[in-house]
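The values are calculated or read from the model by the stated rules, or taken from the named source; none is laboratory data. Since the structure is predicted, the reported quantities are computational estimates derived from the model, not experimental observations. In this analysis, Cβ positions are derived from the backbone assuming ideal geometry, glycine residues included, and neighbour counts consider all displayed protein chains.
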Amino acid sequence: MYSPPPFNERSEGQKVIIGAVIPALVGGLAGFLVGVSAPAYWAVGLLAAVGAFLGGFEHADGWDAADRGFFGGVIYGTSLLLVHELIHNTAKVSLGSFPPFLVVITALAGTLLSAGGGRVARTQRRRAAATAADRTPPPGSSAGSSAGL
């Protein structure tokens, strides 16, 4: 079971890097690639989606993870558009008729993906706890002791 350290137990610096800097860098890379190669752009988008889902595992449940995913998606989408606008290359992938709406889409995608990861992680933790409880012998039993020998 994938079980990273909880996000709320990380240092403030780690939280900033993981929650803001990485989405900005990945979004910036996507903003560059949108004018270079459609397959590379979509590959980076898939990488960002996997990162959002796995990032949800660092939270207690889907609700906690959804906040992080929302802001990660906003940062990713904004960085994508800013870099694309700054280098002003011709997009190989359509950004829609109103490109700023892309930020709404990436925020929604980040929210849903991170919430999904948080929900899966919570379910896995509950199952692991239930399995561990099933393996624990009841108090007073001689299972695992040499008292009966």
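Pairs meeting the criteria (first residue in region 1-17 and closer than 25 Å to Thr131 by Cβ, second residue at pLDDT 95 or above and surrounded by 11 or more Cβ atoms within 10 Å (Cβ to Cβ), beta carbons under 6 Å, at least 6 apart or on different chains) are lacking.
Total residues in region 34-57 satisfying the condition of being of a type outside the set (Val, Ile, Thr) and crowded, with 24+ Cβ neighbours inside 10 Å: the figure is 4. Using the structure shown, decide if Glu85 is charged (D, E, K, R) and within 13 Å of the chain's Cα centre (by Cα). Considered against the rule, which asks whether it is charged (D, E, K, R) and within 13 Å of the chain's Cα centre (by Cα), Glu85 comes out as no. Picking from residues in region 88-128 that are in a helix (DSSP H, G or I) and surrounded by fewer than 14 Cβ atoms within 10 Å (Cβ to Cβ), the one that is modelled with the lowest pLDDT is Ala128. For beta carbons closer than 6 Å, sequence separation of 6+ or different chains, a first residue in region 31-45 that is touching a residue at least 40 places away in the same chain (Cβ under 8 Å) and a second that is crowded, with 22+ Cβ neighbours inside 10 Å and β-branched (Val, Ile, Thr), the qualifying pairs are Tyr41/Val34.
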